[in-house]
Amino acid sequence: MLGFQPYETFQLLIETGGVDRTNTLLIAACDAYTRRGKPTPPEMEQFEALASRLFPTAAPNARAKGAAILGRAEVLSPVLERLVVDNIGDDLNSFLQSAATLSDQTALEIIARDDVPAAAIVATRADLSNVVLAKLFQLNSRKVYRALAANTAIQPRGAYLSALARSAQMDHMVAESLAQRDDFDAALLAPAFFDLSDNDRVKVIRAFADRDTPVAPISKTLEQLTVASADLTKALMKLFSENRRPEVTRLLSQITGLDEVRCGQIAHDVTGASLFVILRAFGCSAYDGLKVLIHATSHDSDRSQALADFATLFGNVAPQSMAYLMSAWRGEVNLLELNKPEYKPFTETSRRTPLAPAHNPVVDQAIEALARIGLRRAG
C-alpha cells in the first residue's frame, strides 16, 4: 500500500515489532499518505484501518509527530481528521487554520470541547456551514466573536447580524472589525461610537445620511428646550475659542440630557465628530455649525478638508437622525429597527465611495473665512 509492503505485512510488523517499531511505522505511513496526494477510495480505506491501529499503540511523541505530518495531507476523511485532532497536541490550532477542508463533525467536536482558542481559530475559516456557525454564535466568548466579526466570508444577516451588533456594544475590537467591512451597516455601531477611531466615527455618521430613522426618545427633550440653535452655537464658539472645555461639558449636560461623562468625551473630542452629532441634532446649519467646529477641532494641515467633509455631512444628514444617534448613546433605541425597509438609506451608496460634496457657495465661503480665522489664531 502507498509504496510500502502489502497491508498484511504492516499488520505483522505492528503485532511483533513493539512500540519502537510502531513509532517508526506510524511516522513513515503518515508521511507516505501525505506524499501520495489524492488517494483512491481503497487506499483511503486501508490507510484508515492502518492508522487506527498504529496511533493508539505508538508513543505520545510519535503520535503528535505523525498527526502533524498527516494534517498536511491533501485529503482527509472524517476518521483521519479525528485521529489528527485527537493526537496532534500543541499543533492543533495550526491544523485547524491551515487544513484544506474541515468537516462539520470535526468542527462541532472542537466547539463542544469548550476550547475557546481552538474554537476562535475555527471561526476564522471561510468554509463554515450554517450548522457550525450557529454553534459558534452560541459561544459566550470575546475571542470567538472577534474572529467572527473579522471573517468576511460570513454574511452579517438575520440572527448573525443581531449577534454581531450586540457584541460590538460590549467589545471595541469587534466594533473596529465591523467598521472596516463594506457589508455591515455602520449605523449599527452607534453605541460603540466613542470606542472607534476618528475615521470610523465619521463613517458611522455617514451611515445615517439620506435615510429616515424612527422617532428618537431624546427628541422630546430637544423639543422642550428653549435654546435656539443660534444662541447655542454662539455660546459654544465662545467657550471653545477660550478653551473652556469643562464649561462646555456642563453646558452639553444641561441641554442634551446625556450624562456628564459622555458630555466630557464630546467636549474633549478634537476630531469634531461627536460635537457634529450634537450640533446637527439641534438643527444647526453648516454655516453656524462650522463656526463652532473651527474652534473645537484640531486638524492641522487637514483642517480645510475636514471642514469640507463636515459641511457635506451637514447637507446630507438630517437633524432627526442625529437625535436618534444621541438616543443610541443613551441605550434608548433598538438599532436593529434600522434594518426595516422604511429605514434603509434612500440610495445604497458604496461605503468605498465618499458622499458627493455639498457645493454650496455659502458653505464654501464659510470654510474659507473660518480657515483664515483659524490661521490668524494659530499665528
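Scanning the range 244-274 for residues that are of a type in the set (G, A, S) and either touching a His at 6+ places or on another chain (Cβ under 9 Å) or not in a helix (DSSP H, G or I) (or both) yields G257, G272.
Could you go through the range 356-373 and let me know if any residue there is touching a Ser or Thr at 6+ places or on another chain (Cβ under 8 Å), of a type outside the set (G, A, S), at pLDDT below 90 and surrounded by fewer than 18 Cβ atoms within 10 Å (Cβ to Cβ).
Filtering the range 356-373 down to residues touching a Ser or Thr at 6+ places or on another chain (Cβ under 8 Å) leaves 356-358, 367, 371.
Among the residues that remain, those that are also of a type outside the set (G, A, S) are: 357, 367.
This time we only want the ones that are at pLDDT below 90, so: 357, 367.
Next, from what is left, pick out any that are surrounded by fewer than 18 Cβ atoms within 10 Å (Cβ to Cβ): 357.
Within the range 356-373, one or more residues are touching a Ser or Thr at 6+ places or on another chain (Cβ under 8 Å), of a type outside the set (G, A, S), at pLDDT below 90 and surrounded by fewer than 18 Cβ atoms within 10 Å (Cβ to Cβ).
Selection within the range 280-298: residues that are closer than 18 Å to H268 by Cβ and out of contact with any Phe, Trp or Tyr (no Cβ under 7 Å at 6 or more places or on another chain). The member of this set that is surrounded by the most Cβ atoms within 10 Å (Cβ to Cβ) is I294.
From the list A123, A99, pick out the single residue that is crowded, with 16+ Cβ neighbours inside 10 Å and modelled with pLDDT of 95 or more.
Step by step, each of A123, A99 is checked, and only A123 is crowded, with 16+ Cβ neighbours inside 10 Å and modelled with pLDDT of 95 or more.
Listed by position, the helices (runs of 4 or more DSSP H) enclosed by the range 48-155 that each have at least 1 residues that are without any contact (Cβ under 8 Å) to a residue 60 or more places away in the chain and more than 21 Å from L25 (Cβ to Cβ) are 78-87, 92-98, 104-112, 116-122, 130-137, 142-150.
Just a yes or no: is a residue in the range 306-313 among the aromatic types (F, W, Y) and over 29 Å from the mean Cα position of the chain (by Cα)? Scanning the range 306-313, I find no residue that is among the aromatic types (F, W, Y) and over 29 Å from the mean Cα position of the chain (by Cα), so the answer is no. Would you point out the residue of the range 164-219, among those that are more than 27 Å from I255 (Cβ to Cβ) and hydroxyl-bearing (S, T, Y), that is modelled with the lowest pLDDT? Among residues in the range 164-219 that are more than 27 Å from I255 (Cβ to Cβ) and hydroxyl-bearing (S, T, Y), the one modelled with the lowest pLDDT is S197.
Here the range 156-172 is the region considered, the condition is being touching a helix residue (DSSP H, G or I) at 6+ places or on another chain (Cβ under 8 Å) and assigned to a loop (DSSP other than H, G, I, E, B), and the residue that is farthest from L336 (Cα to Cα) is D171. Determine whether the range 221-232 contains at least one residue that is more than 28 Å from the chain's Cα centre (by Cα), assigned to a helix (DSSP H, G or I) and farther than 28 Å from L338 by Cβ. Yes - at least one qualifying residue is present in the range 221-232.
Among the residues of the range 103-118, those identified as surrounded by 16 or more Cβ atoms within 10 Å (Cβ to Cβ) and within 11 Å of P78 (Cα to Cα) are S103, T106, A107.
Being within 17 Å of L325 (Cα to Cα), part of a helix (DSSP H, G or I), among the aliphatic types (A, V, I, L, M) and touching a Ser or Thr at 6+ places or on another chain (Cβ under 9 Å) is the requirement here; does A175 meet it? If you could, list the steps in order and put the result at the bottom.
Values: within 17 Å of L325 (Cα to Cα): yes; part of a helix (DSSP H, G or I): yes; among the aliphatic types (A, V, I, L, M): yes; touching a Ser or Thr at 6+ places or on another chain (Cβ under 9 Å): yes.
Yes; evaluated as a whole, the condition is true for this residue.
The values are calculated or read from the model by the stated rules, or taken from the named source; none is laboratory data. Computed from a predicted structure; not experimentally measured. Note that each Cβ is placed from the backbone with ideal geometry, even for glycine, and that neighbours are counted across all protein chains shown.
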